[in-house]
Amino acid sequence: MRVLAIDPGYGRCGMALIEKTGGPDVLVYSTCIETAKEKGFEERLGEVVRECARLIEEYKPDAMAMEKLFFSNNQKTAMRVAEVRGALISAAQQHKLPLFEYTPGQVKNAAAGWGGADKKQIATMLHALMKIDRPIQHDDEYDAIAIGVTHFAYCRN
């Protein structure tokens, strides 16, 4: 079973493909899509959605998992992230992928063992839970990997 896991954003969007094969979860692919601040929101959104569609078509995941929207103090940013989530949900529907959503607490609990874990603790645990063969540059990518691990912890298929 393969899941495309996404930490939604438009400045940086983490995406990871995780596979469950019977042994430890396998990180098939991960990236952090960074869009240029100089571009308009619509163009940045398009970049994120096109990369999502490319990954779906190339890797043929069985499901998509995404973090539920975390409300920030910046209302404009929260609204934009909500728009990104809507576009990604639409991409999942267009490709007939079931969508699963997890709260930040569920992700921290599944990836690190407790809901109060910080990003460093999550990254350390991810390296213990699965083989990660290359350096991970951004927290957004680790977040996507953690969402994939969370999906397999909660979805017993």
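The values are calculated or read from the model by the stated rules, or taken from the named source; none is laboratory data. Everything quoted here is computed from the prediction, not taken from an experiment. Note: ideal-geometry Cβ built from the backbone for every residue, glycine included; neighbour counts use all protein chains shown. The protein model used for the area step is the full one, side chains on, heavy atoms only, and it has no ligands, DNA or RNA in it. Shrake-Rupley method; radii C 1.70, N 1.55, O 1.52, S 1.80 Å.
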Checklist entry - Inside the stretch 44-75, can you point out the residues that are over 24 Å from residue 19 (Cα atoms), modelled with pLDDT of 95 or more and either open to solvent by 30 Å² or more (accessible area, probe 1.4 Å) or not in a helix (DSSP H, G or I) (or both)? => result 45, 47
Checklist outcome for this item: Scanning the stretch 136-147 residue by residue, those open to solvent by 20 Å² or more (accessible area, probe 1.4 Å) and either aromatic (Phe, Trp, Tyr) or assigned to a helix (DSSP H, G or I) (or both) turn out to be 139, 140, 142, 143
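Conditions tested, residue by residue: (1) among the acidic types (Asp, Glu); (2) in a helix (DSSP H, G or I); (3) open to solvent by 40 Å² or more (accessible area, probe 1.4 Å).
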{"position": "5", "(1), (2), (3)": "no, no, no"}
{"position": "15", "(1), (2), (3)": "no, no, no"}
{"position": "29", "(1), (2), (3)": "no, no, yes"}
{"position": "42", "(1), (2), (3)": "yes, yes, yes"}
{"position": "77", "(1), (2), (3)": "no, yes, yes"}
{"position": "80", "(1), (2), (3)": "no, yes, yes"}
{"position": "93", "(1), (2), (3)": "no, yes, yes"}
{"position": "100", "(1), (2), (3)": "no, no, yes"}
{"position": "109", "(1), (2), (3)": "no, yes, yes"}
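A quick yes/no check of all residues on (1) within 22 Å of residue 48 (Cα to Cα); (2) at pLDDT below 95; (3) more than 14 Å from the chain's Cα centre (by Cα); (4) assigned to a helix (DSSP H, G or I):
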{"site": "90", "(1), (2), (3), (4)": "yes, no, yes, yes"}
{"site": "97", "(1), (2), (3), (4)": "yes, no, yes, no"}
{"site": "120", "(1), (2), (3), (4)": "no, yes, yes, yes"}
{"site": "125", "(1), (2), (3), (4)": "no, yes, yes, yes"}
{"site": "134", "(1), (2), (3), (4)": "no, yes, yes, no"}
Checklist entry - How do the pairs read when you match residues in the stretch 32-51 that are touching a residue at least 60 places away in the same chain (Cβ under 8 Å) with residues anywhere that are in a helix (DSSP H, G or I), using Cβ under 6 Å and keeping only pairs 6 or more apart or on different chains? => result 32/140; 32/141
